[in-house]
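The next block holds one structure in the form of structure tokens; read it before the comments.
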Amino acid sequence: MHHDGHSTTWLAAAAMLVVALVAAPAQAQVQAPTRFGAHAGIWEDGSNPLVGLELLTPISENWFFNPSFDFVSADHANLYILSADAHFDLDVARPTLLWVGGGAALIIRDSDWPHGSGTDTDLGLDVLAGAGFTTASGLIPYVQAKAVLADDSSAVLTLGLRF
């Protein structure tokens with residue numbers, strides 16, 4: 001699914017917008033608050049640092065829309081990843097939280113090689129699982145593992161905080 005050009009970007013952006021529009025009306029019926037979060041971790045083999053921001057919006061009692069933006073500083077390239085993920089909270093005793101999910105990813109690679117540079121766009125599929133807990137103050141620290149299935153598939157491990 002490796003593509004150059006703007007049509008791929010527009011297609012991925014349109015798909016993410018549709019998911020957001022479908023999730024928005026459902027939020028009015030759910031009591032859980034929308035949360036923001038920040039996370040940091042490793043991309044691929046553990047040598048590339050990742051930082052990101054996210055939004056967690058309830059869709060229904062156990063389903064959440066969880067879009068995120070990540071930046072990865074890799075060898076001779078920077079990656080910008082926009083993910084439109086959703087996850088399902090498993091039924092476990094609170095304050096423990098366990099979830100599984102997935103979604104779409106738009107990966108933009110900005111390369112800077114000695115023999116040339118350029119921008120590359122790729123679409124991917126995210127598959128994820130995470131665990132966290134709700135603190136007495138309402139903060140949610142968590143750990144999440146994600147596989148990004150694309151032309152240049154990668155594994156991601158993050159530690160984050162939702163507030």
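All of the numbers you see were taken from the coordinates with simple rules; none came from a lab. Just so you know, these numbers come straight off a predicted model, no measurement behind them. For neighbour counting, all protein chains shown are included, and Cβ atoms are generated from backbone atoms with ideal geometry for every residue, glycine included.
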Listed highest first by mean packing, meaning other Cβ atoms within 10 Å per residue, what order do 92-101, 140-149 come in?
140-149, 92-101
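Say R0 is 35 Å: what FRET efficiency, to the nearest 0.05, do Asp120 and Arg94 get from their beta-carbon distance?
0.20
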So, with points 7 Å from each Cα along the Cβ direction, the Ala38-Asn78 label distance in nm works out to 1.8 nm
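Once fully extended, how much extra length lies between Phe163 and Ala147, figured as 0.36 nm per residue of separation less the alpha-carbon to alpha-carbon distance?
3.3 nm
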Taking 8 Å as the Cα distance limit and 6 or more residues as the minimum spacing, I'd like the relative contact order of the stretch 27-163 as a percentage.
20 percent
If R0 is 45 Å, what FRET efficiency do you get for Ser111 and Ser60 from their C-beta distance, rounded to 0.05?
0.65
